[in-house]
Amino acid sequence: MPASIRANQRGRTRRDLLEAALRVSADNGAPTLEAIAEEARVSRATAYRYFPNVDDLLAEAALHMAFPGVECLSGASDDPLERLLLVDDAVDRMIAANETALRRMIASTAKLPLQSTGVPARQNRRLPLIEAALEPARSKFSAPSYRQLTRALSLVIGTEAMLVLKDVLALDGAEAREVRRQAIASLLEAALRDGSVRAGPPA
């Protein structure tokens with residue numbers, strides 16, 4: 001099986017465990033990892049491969065629920081910059097409301113073994129949202145430019161950017177927002193320019 005397919009399957013398994021944790025928690029205030037595994041229809045051993053303890057799973061499940069969805073793009077035009085800035089604003093609000101929990105999740109993730117186990121250490125929530133923002137303008141990018149753009153935007157939009165801008169650079173919220181917005185605009189402009197060059201001049 002190709003590595004990309006295996007990675008997608010593992011991402012879905014991890015997401016299934018998070019969503020199962022939300023459902024079980026709604027019925028049982030203190031669910032076990034075994035109960036969550038059963039709800040997700042995976043083995044207990046599989047659940048333990050993804051989450052070493054139920055506390056980490058439940059903590060991330062709450063963040064999973066808090067992360068913005070495509071509804072943050074409701075009413076937006078097809079302009080990719082407008083849509084990306086809406087995504088950045090929505091993610092920034094989520095971070096501000098859940099900063100302590102997010103820092104704990106990152107600290108927990110940092111303690112995982114360095115060797116690769118094939119199991120994703122984090123859920124990829126930001127990339128699907130970035131792709132949704134770019135979807136109306138997808139044809140304007142070459143395939144390589146689009147791939148690099150979504151990857152670069154994943155560095156700018158999210159908790160890691162907050163850690164650098166707030167902890168390392170000591171910027172306040174408004175300053176950090178302006179840095180992110182400038183970076184998003186520059187990355188988008190470069191990708192659009194590259195897509196236009198690769199497409200060639202009009203016939």
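The values are calculated or read from the model by the stated rules, or taken from the named source; none is laboratory data. Here the structure is a predicted model, which means the values were calculated and not measured. Glycine also receives a Cβ, built like all others from the backbone with ideal geometry; neighbour counts cover every protein chain displayed. Ligands, DNA and RNA are stripped out before the accessible areas are found, and what is left, the full protein with its side chains, is counted by its heavy atoms. Shrake-Rupley method; radii C 1.70, N 1.55, O 1.52, S 1.80 Å.
Values as computed for the structure displayed
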| item | result |
| --- | --- |
| Among (1) at pLDDT 95 or above; (2) more than 16 Å from the chain's Cα centre (by Cα), the one test that Ala133 misses | (2) |
| Members of the range 146-172 that are β-branched (Val, Ile, Thr), assigned to a helix (DSSP H, G or I) and open to solvent by less than 80 Å² (accessible area, probe 1.4 Å) | Thr150, Val156, Thr159, Val164 |
| Count of residues meeting criterion [in a helix (DSSP H, G or I), open to solvent by 50 Å² or more (accessible area, probe 1.4 Å) and under 30 Å from Ala20 (Cβ atoms)] in the range 63-85 | 3 |
| Filter result for Ala176 (among the hydrophobic types (A, V, I, L, M, F, W, C), open to solvent by less than 30 Å² (accessible area, probe 1.4 Å) and in contact (Cβ under 8 Å) with a residue 12 or more places away in the chain) | yes |
| Which listed residue is more than 27 Å from Ala61 (Cα to Cα) and either open to solvent by 80 Å² or more (accessible area, probe 1.4 Å) or not basic (Lys, Arg) (or both), from Ala133, Ala185, Ala107, Ala121 | Ala185 |
| Residues of the range 1-27 satisfying the condition of being small (Gly, Ala, Ser) and either buried (at least 18 other Cβ atoms within 10 Å of the Cβ) or within 17 Å of Ala59 (Cα to Cα) (or both) | Ala20, Ala21, Ser25, Ala26 |
| Qualifying residue in the range 43-50 (condition: among the hydroxyl-bearing types (Ser, Thr, Tyr), closer than 29 Å to Gln9 by Cβ, without any contact (Cβ under 8 Å) to a residue 12 or more places away in the chain and open to solvent by 50 Å² or more (accessible area, probe 1.4 Å)) | yes |
| Residue that is modelled with the lowest pLDDT [pool: residues in the range 28-42 that are buried (at least 17 other Cβ atoms within 10 Å of the Cβ) and not in a helix (DSSP H, G or I)] | Pro31 |
| Criterion: more than 27 Å from Val164 (Cβ to Cβ), at pLDDT 95 or above and within 18 Å of the chain's Cα centre (by Cα) - qualifying residue of Glu71, Glu19 | Glu71 |
| Scope the range 122-145; condition assigned to a helix (DSSP H, G or I), in contact (Cβ under 8 Å) with a residue 12 or more places away in the chain and either under 25 Å from Arg14 (Cβ atoms) or of a type in the set (A, V, I, L, M, F, W, C) (or both); matching residues | Arg126, Leu127, Leu129, Ile130, Glu131, Ala132, Ala133, Leu134, Ala137 |
